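Structure first, commentary second.
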Amino acid sequence: MIKDIINKEKQDALNPQKVLNELMAGNERFTGNNMHERDFSSQIAQTSGGQWPQAVVLSCIDSRVPVETIFDQGIGDIFVARVAGNFENTDILGSMEYSCKVAGSKLVFVLGHEACGAVKAACDHVELGNITHLLSNIEPAVSSTKTDGERSSKNDSFVADVIENNVRLTMERIREKSPILKEMEEKGEIKIVGGVYSISNGKVSLL
């Protein structure tokens, strides 16, 4: 079956839980190798006059995490903001506010991923050019994660815990730093959720 694009009418009929369910169902289609067929030429034409995405996803830049693909979404279906380590900053918060308050998206999804190189570098306190400043955004997740083992990228379980902690702290800071998104969530207009993508099996697990 060829999947249609989301238009204004369809977007208005959505609610945050329905959008979350669709993204998770899309991930199941992806992992089951049963993805929707899409007429991309038609989607380009249909979205040339406007867009009505259902969600905004904050993801890492990792090339193994192609966001639209892992959620089985097409052109015009979701906004995607990407930065190494999937943390928020002022520009990304503004992009999320635009996505939800202006463009009508119903879901903010913070997506970390297994074996994240940025998180590993933060665990090792790497210092290199502009990467040093970038990694400082992940440091709160590193410092607040407990472990009985080595506090470095050599400790796989520590890295995994920091990845999850980084997603949770990013969600908290989105609420703290964006009164717009916080109010929308409190009113039930959007959900702010988080998850971790497995690069070994393609599955997204909600936190």
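Brief remarks follow.
- Meets criteria (closer than 16 Å to V110 by Cβ and in contact (Cβ under 8 Å) with a residue 60 or more places away in the chain) for V162: no
- Listed by first and then second residue, the pairs linking a residue in region 24-36 that is free of Cβ contacts under 8 Å to residues at least 40 places away in the same chain and in a loop (DSSP other than H, G, I, E, B) to a residue that is of a type in the set (A, V, I, L, M, F, W, C) and open to solvent by 50 Å² or more (accessible area, probe 1.4 Å), with Cβ atoms under 9 Å apart and 6 or more places separating them unless they lie on different chains, are H36/M1; H36/I2.
- Residues of region 79-95 satisfying the condition of being among the aliphatic types (A, V, I, L, M) and either buried (at least 23 other Cβ atoms within 10 Å of the Cβ) or in a loop (DSSP other than H, G, I, E, B) (or both): V83, A84
- Residue that is most open to solvent (accessible area, probe 1.4 Å) [pool: residues in region 41-63 that are assigned to a helix (DSSP H, G or I) and touching a Gly at 6+ places or on another chain (Cβ under 7 Å)]: T47
- Region 167-207, subset of a type in the set (A, V, I, L, M) and part of a loop (DSSP other than H, G, I, E, B), residue nearest to the chain's Cα centre (by Cα): L207
- Single unsatisfied condition, N21 versus (1) touching a Cys at 6+ places or on another chain (Cβ under 9 Å); (2) open to solvent by 20 Å² or more (accessible area, probe 1.4 Å): (1)
- Scan of region 1-60 for residues that are farther than 25 Å from G94 by Cα and among the basic types (K, R), ordered by number: K3, R29, R38
- When restricted to residues that are free of Cβ contacts under 8 Å to residues at least 60 places away in the same chain and in contact with a Lys or Arg (Cβ under 8 Å, 6 or more places away or on another chain), region 186-207 contains 1.
- Within region 111-166, helices (runs of 4 or more DSSP H) holding 1 or more residues that are more than 25 Å from L206 (Cα to Cα): 131-136
- For region 159-195, the set of residues classified as touching a Leu at 6+ places or on another chain (Cβ under 7 Å), crowded, with 21+ Cβ neighbours inside 10 Å, over 17 Å from S99 (Cβ atoms) and not small (G, A, S) consists of V167 only.
Yes/no per residue for (1) at pLDDT below 95; (2) within 16 Å of N86 (Cβ to Cβ); (3) of a type in the set (D, E):
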site	(1), (2), (3)
G117	no, yes, no
L128	no, no, no
A160	no, yes, no
E164	no, yes, yes
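- Region 63-89, residues that are without any contact (Cβ under 8 Å) to a residue 60 or more places away in the chain and over 13 Å from L23 (Cβ atoms): S63, P66, A81, R82, V83, A84, N89
The values are calculated or read from the model by the stated rules, or taken from the named source; none is laboratory data. Remember, it's a predicted structure, so these values are computed and weren't measured experimentally. A quick note on method: Cβ atoms are made from the backbone with ideal geometry, for glycine too, and the neighbour counts reach across all protein chains shown. Heads up: the accessible areas ignore ligands, DNA and RNA and are worked out on the full protein's heavy atoms, side chains in. Shrake-Rupley method; radii C 1.70, N 1.55, O 1.52, S 1.80 Å.
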